[in-house]
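Please read the structure below before turning to the comments.
Please treat every number below as a calculation from the coordinates, not as lab data. All values reported here derive from a predicted model rather than from experimental measurement. Don't worry about glycine lacking a Cβ; one is built from the backbone with ideal geometry, like all the others, and counts go over all protein chains shown.
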């Protein structure tokens, strides 16, 4: 299945089988959550950095995507599939367990899968990797895998992302923040998350991708891997 616009959820509605798509972002893109106002972006900074601004249909805070980092995987589970759950928290727990198992094989551990999401403060509402939501994977409270879902009558689409190297400075530079808020973000964000390549030296995008695909839950999957731009 090919989706020209990676943030367009409509092509998934008619998919009657499980899908797993390993994405490649052709250009550096700042992706806003569905409810974030456009005003959170410093448009002049984005233009100077030649960063595209896009919006996804799933909730949560902003994520900065580059062609090689983070590893971005979409999974679609149709309603009626054993993996689908009407409960939004339970419905993504298997996703976190899947990523946790793959990370463990690379030596990244021990990790935990977040149950109910933690209370969201101002910074966590702005930046996805500043907080912990349902199904997300962390090590000692530092997020390794971000998870966001879009649910419809036909099924659930789940975006997943894990940075190899977590470096929040470029993301902070793109946000419209006051000087005190920007300073606070620069102080807190480095310890809010962790890259899998920082947790285990030498852990690669390719190795994690292969491991994730090997560990997909039993059942039929339509798998596609987008080529590097």
Legend entry - Candidates 99, 166, 150: whichever shows maximal mean-square fluctuation once the chain is modelled as a Gaussian network with Cα springs under 10 Å: 150
Legend entry - Highest-fluctuation residue, 91, 178, 117 considered, GNM on the chain with Cα pairs under 10 Å: 178
Legend entry - Estimated distance in nm for a label pair at residue 167 and residue 22, the labels positioned 7 Å out from Cα along Cα-to-Cβ: 2.3
Inset, instruction - With the Cα gyration tensor of the chain in hand, give its eigenvalues times 5 under a square root as the equivalent ellipsoid semi-axes, listed largest first in whole angstrom. - result: 26, 20, 17
Legend entry - In nm, spacing of pseudo-spin labels at residue 10 and residue 116 (7 Å Cα→C-beta vector): 3.8
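Restricting to DSSP H runs of at least four residues, report the calculated mean residue ellipticity at 222 nm for the chain, -39500 (n - 2.57) per run over all residues, nearest 500 deg cm²/dmol.
Working: 7 runs with 56 residues, N = 229.
Here the helix-only value at 222 nm equals -6500 deg cm²/dmol.
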Inset, instruction - Could you work out which residue, out of 202, 61, 109, moves most in a Gaussian network model of the chain, that is, has the largest mean-square fluctuation with Cα springs under 10 Å? - result: 202
Legend entry - Rounded FRET efficiency, nearest 0.05, which uses the C-beta distance separating residue 50 from residue 210 and R0 of 30 Å: 0.45
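Pulled fully out, how much extra length does the chain show between residue 179 and residue 200, if you take 0.36 nm times their separation in residues and subtract their Cα-Cα distance?
4.1 nm
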Legend entry - Percent antiparallel among DSSP beta bridges (both partners in the chain, rounded to 5): 70
